[in-house]
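I have placed the structure first, in the form of structure tokens, so that the comments after it can refer back to it.
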Amino acid sequence: MSFPAVANELAVALSIERALPQDAEAIAVLHAKALPPGWPAGEIAASCCNENRAVLMAIDGLDFCGFAILQFAADEAEILAIAVEEETRRRGVACRLLETALGICEERLISYVYLEVAERNEPALKLYKKHGFSIAGRREGYYHGASPAAENALIMRLDTRARLTQIEARRGAT
Ligand SMILES: CC(C)(COP(=O)(O)OP(=O)(O)OC[C@H]1O[C@@H](n2cnc3c(N)ncnc32)[C@H](O)[C@@H]1OP(=O)(O)O)[C@@H](O)C(=O)NCCC(=O)NCCS
């Protein structure tokens with residue numbers, strides 16, 4: 001699979017790369033920290049070799065600092081996970097991961113991108129809304145983490161054709 005070129009407008013040394021099975025351990029550590037309980041490294045390694053999935057990693061200089069995992073089915077995609085190391089947050093890393101992920105979706109002619117996010121996860125909700133996702137549904141008590149109260153999940157959806165039309169309109173206006 002080919003990948004769209006990634007511009008370096010936010011963090012000069014930041015690059016977004018396709019993860020390899022040998023990267024799975026580092027991704028699993030961040031996955032467990034940021035989105036507990038996370039996934040086993042073996043499942044992430046298998047995802048790296050699965051043509052119906054894409055595992056992206058963000059590299060800041062030489063340091064791994066974030067990842068995104070996507071799944072494709074027909075003309076739909078799902079963002080299964082996205083996370084950034086705590087000390088690298090608010091520097092545009094998740095934006096870059098998401099933009100690269102959406103570029104891959106466009107190359108694969110994906111019509112809709114879905115994801116689930118905890119209702120109280122304000123940073124993630126803002127991130128997704130900023131990239132054109134809107135709320136398409138709500139699952140009561142979907143997340144059962146360490147806290148005694150289960151948390152609701154929001155299902156968010158992005159119409160990729162509408163997003164492209166908006167990007168083209170913005171380009172035409174400048
Ligand atoms: C959500 C997460 C991936 C954002 O990563 P990040 O690299 O810090 O995000 P960015 O710097 O690219 O921010 C992009 C946008 O997201 C929103 N955002 C990110 N962090 C935010 C915060 N703490 N508070 C409010 N908005 C926030 C903002 O809209 C921001 O745009 P802005 O900087 O122009 O305001 C990161 O906080 C994280 O790893 N959280 C734990 C894992 C998680 O919740 N993943 C999502 C599961 S659905």
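The values are calculated or read from the model by the stated rules, or taken from the named source; none is laboratory data. Keep in mind it's a predicted model, so treat the numbers as computed, not measured. Positions of Cβ are generated from backbone atoms using ideal geometry, with glycine treated the same way; all protein chains shown enter the neighbour counts. When the accessible area is computed, the model is the full protein with side chains, heavy atoms only, and any ligands, DNA or RNA have been set aside. Shrake-Rupley method; radii C 1.70, N 1.55, O 1.52, S 1.80 Å.
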Exercise. Among R163, R139, which is the only one that is crowded, with 17+ Cβ neighbours inside 10 Å and charged (D, E, K, R)?
Worked result: R163
Problem set entry | First in the range 89-104 and touching a residue at least 60 places away in the same chain (Cβ under 8 Å), second anywhere and assigned to a helix (DSSP H, G or I) and buried (at least 16 other Cβ atoms within 10 Å of the Cβ), Cβ under 8 Å, 6 or more apart | C95/L127; L102/T160; L102/R163
Problem set entry | the range 154-174, residues that are under 18 Å from G132 (Cα atoms) and either polar (S, T, N, Q) or modelled with pLDDT of 90 or more (or both) | L154, I155, M156, R157, L158, D159, T160, T165, Q166
Exercise. So which of A94, A124, A83, A101 ends up being among the hydrophobic types (A, V, I, L, M, F, W, C), within 11 Å of the chain's Cα centre (by Cα) and over 26 Å from L164 (Cβ atoms)?
Worked result: A83
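Would you say P4 is part of a loop (DSSP other than H, G, I, E, B), within 16 Å of the ligand (Cβ to nearest atom), open to solvent by 10 Å² or more (accessible area, probe 1.4 Å) and modelled with pLDDT under 95?
no
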Exercise. Counting only residues that are open to solvent by 10 Å² or more (accessible area, probe 1.4 Å), within 18 Å of A101 (Cβ to Cβ) and in contact (Cβ under 8 Å) with a residue 40 or more places away in the chain, how many does the range 32-56 have?
Worked result: 4
